[in-house]
Amino acid sequence: MSKHMIFGVHLSDRIKSSNDVQQLFTKYGCNIKTRIGLHDVHDDFCSTSGIIVLEMAGDEALCDELALKLNAIHGVEVQKMIFKG
């Protein structure tokens, strides 16, 4: 892949969707170069929503397949950024 593909994955309810999301991350693990998870955490509070940033690698069709499958999970939304290099 001669370009950089980044997925922003928003989970509106991490507790309900995390198992399905993790299964897909495992299945497509060879296409995920970098993974960063972000959510609010306080002393007495942990947010139920969060964002995961994925740097993708390999076959673009497989990466797009992952995005489609993630978007099919209730409460999950994927946005895609492509930087041509």
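Rule-based calculations on the coordinates, nothing more; no lab input. Please read these numbers as outputs of a predicted model, since none were measured by experiment. Every residue, glycine among them, receives a Cβ derived from its backbone with ideal geometry; neighbour counts consider all protein chains shown.
Return the residue satisfying two criteria in turn: it lies in region 6-24 and is of a type in the set (Gly, Ala, Ser) and in contact (Cβ under 8 Å) with a residue 24 or more places away in the chain, and of such residues it is farthest from Glu60 (Cα to Cα).
Pass one, region 6-24, residues of a type in the set (Gly, Ala, Ser): 8, 12, 17-18.
Retained after the next criterion (residues that are in contact (Cβ under 8 Å) with a residue 24 or more places away in the chain): 8, 12, 17.
Working: Gly8: 16, Ser12: 26, Ser17: 24 Å.
The extreme case among them is Ser12.
Please enumerate the residues belonging to region 1-48 that are out of contact with any Asp or Glu (no Cβ under 7 Å at 6 or more places or on another chain), of a type in the set (Ser, Thr, Tyr) and more than 15 Å from Ile82 (Cα to Cα).
Result: Ser12, Ser17, Ser18, Thr26, Tyr28.
Would you be able to tell me the number of residues in region 68-82 that are outside any helix (DSSP H, G or I), within 11 Å of the chain's Cα centre (by Cα) and either on the phi > 0 side of the Ramachandran plot or of a type outside the set (S, T, N, Q) (or both)?
4
Can you tell me which residue within region 38-84, out of those that are aliphatic (A, V, I, L, M) and free of Cβ contacts under 8 Å to residues at least 40 places away in the same chain, is farthest from Gly8 (Cα to Cα)? Lay out the reasoning, then the answer.
Of the residues in region 38-84, the ones aliphatic (A, V, I, L, M) are 38, 41, 51-54, 56-57, 61-62, 66-68, 70, 72-73, 76, 78, 81-82.
Subsequent filtering for residues that are free of Cβ contacts under 8 Å to residues at least 40 places away in the same chain retains 38, 41, 61-62, 68, 72.
Numbers: Leu38: 11, Val41: 19, Ala61: 17, Leu62: 16, Leu68: 13, Ala72: 15 Å.
The residue in question is Val41.
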